[in-house]
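Colleague: Structure provided below as structure tokens; questions to follow.
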Amino acid sequence: MPTLTPNAGSRKLESMPSYTDVVKDRQPSTAAGPQPTKIETRGLNFFYGERQALFDISLAIPERSVMAFIGPSGCGKSTFLRTLNRMNDIVEGSRHTGEVLLEGVDIYAPQIDVVALRKRVGMVFQKSTPFPKSIFDNIAYGPKVAGERDRRKLTSIVESSLQRAGLWEEVKDRMNSSALALSGGQQQRLCIARALATSPDVLLMDEPASALDPASTARVEDLIFELKENYTIVIVTHNMQQAARISDSTAFFYQGQLIEVGRTRELFTKPKEKQTEDYITGRFG
Ligand SMILES: Nc1ncnc2c1ncn2[C@@H]1O[C@H](COP(=O)(O)OP(=O)(O)OP(=O)(O)O)[C@@H](O)[C@H]1O
């Protein structure tokens, strides 16, 4: 039975069908680069009740890279992002058709463990959301929920997560202080560290820097750039300069449809579609 287990980065679970087996008889998705595909959607439609928000989206997201989703407000960027770790499941009356494949396995298959899926595909939101707990407890929360009880292991996970999120030096002497006492930019990096603590291999980020000042934004952008060495990152942003600065590939959405995807540099300099050109040149949106 195919399952998604946490922390199987280079994992090929014996029981999982191979990627090639799963996709060999399908039409190719719109690819955005030469790297192997980490996540792929096939003919994905998404509905909030009667209202359709996404239309027939087929997209391949390359591993260990940053893909940006851009497009005007309400075009479905966040909805699409949330289908990638089933965050939309909690919206009553919502449904989808089509497939979302993580390393070739359909994450909506009935036997998928959604908690394990969300450990592998972590999420960082626009507004940082630390728990009203200590810095240590914020980071240790996910591993504890996953069953880790060994204090030494937890301490090591907390330290390495904070280091990877570039926050360790700033907080190492106040691990027991409230996370709510951190600055906005520090809180956002704390939330990134919290997402990293469950050893995901994909990070979904929904406008992670939009509430931050320019210095904190630059810090988070640098961090995203560093993290792509080891993680597949998908970021929704309204800021086209930001997309151009940090992403390897960019997907442009309009009215629930994927209009164009490609290498960021090409999409911004030589867009293939008129709608993309109009958007990036500021003619609408
Ligand atoms: N929980 C929900 N229930 C019903 N409709 C929703 C819900 N969330 C989003 N929608 C609708 O789905 C469509 C796409 O919204 P979505 O938030 O995905 O767009 P977006 O491109 O991320 O927008 P923005 O850039 O403004 O955040 C919109 O018409 C929105 O009103």
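The values are calculated or read from the model by the stated rules, or taken from the named source; none is laboratory data. Small disclaimer: the values here were computed from a predicted structure and weren't measured. When we count neighbours, we look across all protein chains shown, and the Cβ atoms used for this are built from the backbone with ideal geometry, even at glycine. With ligands, DNA and RNA removed, areas are computed over all heavy atoms of the protein, side chains included. Shrake-Rupley method; radii C 1.70, N 1.55, O 1.52, S 1.80 Å.
Results for (1) among the polar types (S, T, N, Q); (2) surrounded by fewer than 23 Cβ atoms within 10 Å (Cβ to Cβ), shown as yes or no for each residue.
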site	(1), (2)
181	no, yes
184	no, yes
218	no, yes
234	no, no
239	yes, yes
247	yes, no
266	no, yes
269	yes, yes
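Colleague: Does residue 262 qualify as being more than 16 Å from the ligand (Cβ to nearest atom), crowded, with 17+ Cβ neighbours inside 10 Å and under 21 Å from residue 42 (Cβ atoms)?
Modeller: Here the answer is yes, as residue 262 does meet what is asked.
Colleague: With (1) among the hydroxyl-bearing types (Ser, Thr, Tyr); (2) touching a residue at least 24 places away in the same chain (Cβ under 8 Å); (3) part of a loop (DSSP other than H, G, I, E, B) as the list, and residue 97 as the residue in question, which single condition is left unmet?
Modeller: Condition not satisfied by residue 97: (3).
Colleague: Find the residue count for the range 96-122, including only residues that are farther than 20 Å from residue 253 by Cα and open to solvent by 10 Å² or more (accessible area, probe 1.4 Å).
Modeller: Count: 12.
Colleague: Can you tell me which residues in the range 71-89 are more than 9 Å from the ligand (Cβ to nearest atom) and either buried (at least 17 other Cβ atoms within 10 Å of the Cβ) or not acidic (Asp, Glu) (or both)?
Modeller: Across the range 71-89, the qualifying residues are 83, 84, 85, 86, 87.
Colleague: Taking into account only those residues within the range 222-240 that are of a type in the set (S, T, N, Q) and within 16 Å of the ligand (Cβ to nearest atom), which is modelled with the lowest pLDDT?
Modeller: Going through the qualifying residues, I end up with 239.
For (1) within 15 Å of the ligand (Cβ to nearest atom); (2) among the aromatic types (Phe, Trp, Tyr); (3) more than 30 Å from residue 182 (Cβ to Cβ), each residue gets a yes or a no:
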| site | (1), (2), (3) |
| --- | --- |
| 40 | no, no, yes |
| 46 | yes, yes, yes |
| 110 | no, no, yes |
| 115 | no, no, no |
| 120 | no, no, no |
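Colleague: Looking at the range 211-230, I want the residues that are of a type in the set (Ser, Thr, Tyr) and have a partner that is surrounded by fewer than 19 Cβ atoms within 10 Å (Cβ to Cβ) and not in a helix (DSSP H, G or I) with Cβ atoms under 8 Å, at least 6 apart or on another chain. Which pairs are those?
Modeller: 216/183
Colleague: Are there helices (runs of 4 or more DSSP H) fully within the range 181-285 with at least 1 residues that are small (Gly, Ala, Ser) and more than 22 Å from residue 63 (Cβ to Cβ)? List them.
Modeller: 184-196, 214-227
Colleague: State yes or no: is residue 53 open to solvent by 10 Å² or more (accessible area, probe 1.4 Å), within 18 Å of residue 204 (Cβ to Cβ) and in a strand (DSSP E or B)?
Modeller: So residue 53 fits the description; yes.
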